[in-house]
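The values are calculated or read from the model by the stated rules, or taken from the named source; none is laboratory data. As the structure is a computational prediction, the values presented were derived from the model and not from experiment. Counting neighbours? That spans all protein chains shown, and the Cβs are built from the backbone with ideal geometry, glycine included. For accessibility, only protein heavy atoms count, side chains too; no ligands or nucleic acids. Shrake-Rupley method; radii C 1.70, N 1.55, O 1.52, S 1.80 Å.
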Amino acid sequence: MKQINFIITVSLFIAVFGCKNPESESNISADTITDNRISISKTQFKQNNMAMGSIEEKAFPITITVNGMIDVPPENKAIVNAITGGYIKTIPLLVGNKVKKGQLLVTIENPEFVKLQQEYMEVKEQLNYLKTEYERQNTMFKENIISQKVFIKAESTYKATNARYNGLKKQLSMLNINTSRVEQGHITSIVNIYAPVSGSITKVNVSKGAYVSPSTPILEIIDNSHIHLELSVFEKDIMRVKKGQNITFSIPEASNKIYNAKVYLVGTSIEDNRTIKVHAHPTDDSQKFLTGMFVNAEIISEESIAKALPETSFAENEEDTYALILDEETKDNYYFKQIKIAIGKTYNGYTEIKSTNQITKNDIFLVEGAFSLIGSYE
């Protein structure tokens, strides 16, 4: 019986270990740990498009962190008012509509416009008579037929009426009423208000039928063709800011994208909050920006040279940052040591290395693919 049990045990041993699939031994992870080092085969290194490199010296910007907003120059912003009070007759535009300079925006109606045109016509007719009378009196004065006093009275009346006529004509012109049509008998109670600049409607403050006075803002138009940044720089930093310096900025509420600008104008007065206004022009497409957007910006005041590696050379494990240094190369494998590194700023794809005590200029780093291997062991 014991012989039978021995035979069964041997048979099971052969069945289990003799049938093991030899291919399973080749499926080894790329980050095998060997004597506290991370090893990877050269085949896997190539398949994963990994790469190695050494420390380089790169320029890193020294920046001034500021904030501000997107704005336009005063000449690119217009608030539309009525020259004279009246009732809104038509207001066909909405916020967001684009308008061109000279385009009809609003019509206003007021009986006073009719009285103004009537007065203009009356004064014009008086002027025709007074001009004729003035010329007649002038001739008679030169021939000593009338006294100087009579002539001066005729001259004064004519000139006063002429001034009144020109004033009324100017008022009608400001109301966009065509005086030529008025002189032909076309009197209107409605006046038109036209766009003073091209741009987009950003505010509509009235509705049809509302009464507006000359102090009432009816519409606001902003021309976004000349967007700029209005940045607030603290007093302690302003001496480092100069025209032409590069700026990187973002619009945190709208996008994570980084945009570029240049300092165009540095203010010369300090605000109540001890900041100075700095005016900058975006170098990217500014049509995507809207006035009033809040921006975070960094003004590049100068540059420093530092040792650096591509930002893909590093990975974080808990609170520390690590990189992999090539320790040994064999026929089939690479062996890497994982080291802790203190890093600084990242710029143009490179990260500054602050701690260099355990690094030499001849060290070779894994600069592509390190993220998947770092942290393989503690």
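Within the set V114, V123, V150, V106, the sole residue that is assigned to a helix (DSSP H, G or I), open to solvent by less than 30 Å² (accessible area, probe 1.4 Å), among the β-branched types (V, I, T) and more than 30 Å from A254 (Cβ to Cβ) turns out to be V123. When you look at K331, is it in a loop (DSSP other than H, G, I, E, B) and in the same structural domain as M52 (by the TED database), yes or no? Judged against the criteria, K331 is a match.
Among the residues of the stretch 86-103, those that are open to solvent by 100 Å² or more (accessible area, probe 1.4 Å) and under 16 Å from P217 (Cα atoms) comprise Y87, L94.
Here T346 clears all of (1) open to solvent by 70 Å² or more (accessible area, probe 1.4 Å); (2) outside any strand (DSSP E or B); (3) of a type in the set (S, T, Y) except the condition numbered (2).
Results for (1) in contact (Cβ under 8 Å) with a residue 12 or more places away in the chain; (2) aromatic (F, W, Y); (3) assigned to a loop (DSSP other than H, G, I, E, B), shown as yes or no for each residue.
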site: T132; (1), (2), (3): no, no, no
site: Q137; (1), (2), (3): yes, no, no
site: T157; (1), (2), (3): yes, no, no
site: N166; (1), (2), (3): no, no, no
site: S180; (1), (2), (3): no, no, no
site: P196; (1), (2), (3): yes, no, yes
site: S207; (1), (2), (3): yes, no, yes
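Condition first: closer than 13 Å to N260 by Cβ and either within 9 Å of the chain's Cα centre (by Cα) or not small (G, A, S) (or both). Now tell me which residues in the stretch 278-298 satisfy that. Passing the criteria: H281, P282, T283, D284, D285, S286, F289, V295, E298.
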